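One structure is given below, encoded as structure tokens.
The values are calculated or read from the model by the stated rules, or taken from the named source; none is laboratory data. Fair warning: this is a prediction, and the values are worked out from it, not measured in the lab. As a convention, Cβ positions derive from the backbone with ideal geometry for all residues, glycine included, and neighbour counts pool all protein chains shown.
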Amino acid sequence: MHEPVNDPLLETLVDNRYLVHSRIARGGMSTVYLATDTRLDRDVALKVLYPHLAADRGFLDRFEREAKSAARLSHPHVVGVLDQGIEDSLAYLVMEYVPGHTLRDVLNERTLLTPRLALAMMDAVIDGLAAAHEAGLVHRDVKPENVLLASSGAIKIADFGLARAVTTSTNTGTLVGTVAYLAPELVTGSGADERSDIYSAGIMLYEMLTGSQPFTGEVPIQVAFAHVHSTVPAPSEVCPGLAQDLDELVQWCTAQDPEDRPVDGRALLGELRHIRTSLTDEQLDFHAAGNPAQPAKPGQQDTVPARTAVVRPAAPAGATEVIGRAEPHATEVIRRTDNATTVLPGLPPPADGEDYDDEADDGAYPVVSARAGRRQARRDFKAQQKQSSRDAQRPEVSLRSGSPRRRGVLVGLLIFLLVAAAAFTGWFFGAGPGALVSIPEVSNTPAAAASARLGEEGLRYTTNEVYDEVVAAGLAIGTDPNAPQQVRRFQTVTLLVSKGPELFTVPNVIQRTVESAEEELTKAGLAPGSVTEEFDETVPAGRVIAQLPAADAELRRGTPVDLTVSKGPAPVQVPSVVGQAEDEAVKSLEDAGLTASVAPTRVNSADVPKGAVVTQAPVSGLLERGAAVTLTISDGPRIIQVPSYVGKQADTARKELEELGFKVQVNEILGGFFGTVRAQDPSSGTAPEGSVITLTVV
């Protein structure tokens, strides 16, 4: 549930957008509030960094990069990152608000789950991890506290990338993680990848099936050592009767060597779903009789008596439990040493104003100074040596009384060895290869000078040449890890040396369509430039006829390449061929770059000779080269029967003859007083249309 506390942020408006209502929880590096996004009118979880972290520019840069990476991940089983910003001295992260409870609440209430329920929850978790791994993100802190069970039934995994923001942005030499779920390579400082998340998920599945964690100890350092030096037992050793497939799944995920685990979440998801479908209902609904056995402490091989399970009441749905002390499953802050890890015992959560360096919102271990950490490590080491000495001197069976002189020699030798071991440990971690060294800043210095600078600090390093768009070739880009982080002298640092900007070869996109050419340029690491169009007699319209720069040139990433695209052949002026003979007209059109299409049916024409063009379509204008012009050919004039109009009135004869298509010529005698046709030439037979008929009128 939300804490009823006095907090200056309550009922204030952050960044003129997020109205803070209540405080949900405090963690190692931030406080989480329930707020309302006033712009979109929705509830969100507002994570506000502590002031000392918000004042660290390097930390804020890393925090912002990790937030942007997490925000690009959109998946139904991952809590979404919605926004991130800085307002004055306030740095915050806005996340999806998921009302409900956590997988830890479920385990506290039920102790253990049936395989059916455990595999169903793991399916959602691994599905979310698989999506993150495919996007290049590693969680680094998979645990039941980060698995949220929404009131709607949705299962989501929270806090992607935030552990990385802490560990890579501080120079305390510490590692943030929950010791009960920590992969061995994180304890030894080998770095995390997708298989580290798989290991933590395997430990979580073990706990769901058995009700207990595989490794426990009086102090967290014992648990950390167990992850490095012990093998996770099969769940059926604690709960006999569990299916063998479940044993194999857990032990595959928790293999000591990362090479023996699934390569990423997607590989594990396929096997998990196969097991879910292959197990019988009896195996899926199996529930161990009685309470699960307490797991062996690190270093023990014998089975210890079964523990009594403590069932805690579950938090109400939608509430957030604020833990007042460090639990066995809380996030630990671990100081790396030579192949080991010093874990500081849990302390109560900070009062207002205290600072943490870890990102656990469920209880945390505060980071103390490096000197105090070394003192604590030496005390733990000496205590273990003394106990080992006492155990070594206590014989199992006494066969005879030993010589006091011999016992004195052995005791003296043992004391000498202990003193020598303590002295060696102090030297190793104080001034020897295990001492902490700050990585010097070598950016923009010549590679030889950068190498000499790392050598002066006694650091082991390897050189890796990479392309860089800003740093000139031969100069150092920086180191991995980045300066000024602290590392042990025996750890290897990578010196990154610039090879200058990476050059990309321009592909040949001539004759391609514009879309295909632009896609090819983008795939080659370049950018499409301007597009101009020109007529071209040979290249079809829409295809590239020229590019600048030309093919095979080498350019920087994102350089634009301009394209010239064909508009097809230039248009042609249509010539007039009416009245020309058919052959002559066809040749005239072809000479102009057009095609003649002769109509199959000829027409009669009194004006155009037979075999000549009567009409054309189109008559004029512009056409694409090769376009067709339709020609209609004359079949000559019509042949018409000539009627006789002798003895008839001249006006009637003229009118009817003209209607038939003849031309009429009238010759009048005596002035044509009577208007009667006396003679006609020709007076009968046939004549072509348009012929002249002569009428003699009296």
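Taking the listed residues Val578, Val539, Val572, the one that is over 53 Å from the mean Cα position of the chain (by Cα) and not in a strand (DSSP E or B) is Val578, with no other qualifying. Filtering region 442-489 to residues that are among the acidic types (Asp, Glu) and without any contact (Cβ under 8 Å) to a residue 60 or more places away in the chain leaves Glu456, Glu457, Glu465, Asp468, Asp480. Residues considered: Ala234, Ala267, Ala243. Of these, the only one that is out of contact with any Cys (no Cβ under 7 Å at 6 or more places or on another chain), without any contact (Cβ under 8 Å) to a residue 12 or more places away in the chain and of a type in the set (A, V, I, L, M) is Ala267. Looking only at region 600-610, residues that are surrounded by 14 or more Cβ atoms within 10 Å (Cβ to Cβ) and either modelled with pLDDT of 85 or more or in contact with a strand residue (DSSP E or B) (Cβ under 6 Å, 6 or more places away or on another chain) (or both) come to 3 in all.
Residues are listed down the side, and each one gets a yes or a no for (1) closer than 20 Å to Pro481 by Cβ; (2) assigned to a helix (DSSP H, G or I); (3) aliphatic (A, V, I, L, M):
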{"site": "Asp197", "(1), (2), (3)": "no, yes, no"}
{"site": "Gln213", "(1), (2), (3)": "no, no, no"}
{"site": "Glu218", "(1), (2), (3)": "no, no, no"}
{"site": "Val223", "(1), (2), (3)": "no, yes, yes"}
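Inspect region 74-85 for any residue being surrounded by fewer than 18 Cβ atoms within 10 Å (Cβ to Cβ), of a type in the set (Asp, Glu) and either under 23 Å from the mean Cα position of the chain (by Cα) or assigned by TED's automatic domain parsing to the domain that holds Val142 (or both) and give the result as yes or no. Checked region 74-85: at least one residue is surrounded by fewer than 18 Cβ atoms within 10 Å (Cβ to Cβ), of a type in the set (Asp, Glu) and either under 23 Å from the mean Cα position of the chain (by Cα) or assigned by TED's automatic domain parsing to the domain that holds Val142 (or both).
So that you can scan it fast, the table gives a plain yes or no per residue for (1) modelled with pLDDT of 90 or more; (2) in contact with a His (Cβ under 6 Å, 6 or more places away or on another chain); (3) in a loop (DSSP other than H, G, I, E, B):
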{"site": "Leu112", "(1), (2), (3)": "yes, no, yes"}
{"site": "Ala118", "(1), (2), (3)": "yes, no, no"}
{"site": "Ala124", "(1), (2), (3)": "yes, yes, no"}
{"site": "Leu149", "(1), (2), (3)": "yes, yes, no"}
{"site": "Lys156", "(1), (2), (3)": "yes, yes, no"}
{"site": "Arg164", "(1), (2), (3)": "no, no, no"}
{"site": "Glu185", "(1), (2), (3)": "yes, no, no"}
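Residue count for region 126-141, restricted to those that are at pLDDT below 90 and either buried (at least 24 other Cβ atoms within 10 Å of the Cβ) or assigned to a helix (DSSP H, G or I) (or both): 3. Considering only residues that are in contact with a helix residue (DSSP H, G or I) (Cβ under 6 Å, 6 or more places away or on another chain) and outside any loop (DSSP other than H, G, I, E, B), which ones fall in region 225-245? Once the filter is applied, which keeps residues that are in contact with a helix residue (DSSP H, G or I) (Cβ under 6 Å, 6 or more places away or on another chain) and outside any loop (DSSP other than H, G, I, E, B), region 225-245 yields His227, Val228, Pro235, Ser236, Val238, Asp245. Taken over region 638-669, the residue count meeting the criterion of being in a helix (DSSP H, G or I), out of contact with any Phe, Trp or Tyr (no Cβ under 8 Å at 6 or more places or on another chain) and not charged (D, E, K, R) is 2. Considering Glu520, Glu537, Glu533, the condition of being over 30 Å from Pro609 (Cβ atoms), surrounded by 16 or more Cβ atoms within 10 Å (Cβ to Cβ) and among the charged types (D, E, K, R) is satisfied by Glu520 alone. For region 563-599, residues that are within 12 Å of Thr632 (Cβ to Cβ) and out of contact with any strand residue (DSSP E or B) (no Cβ under 8 Å at 6 or more places or on another chain) total 0.
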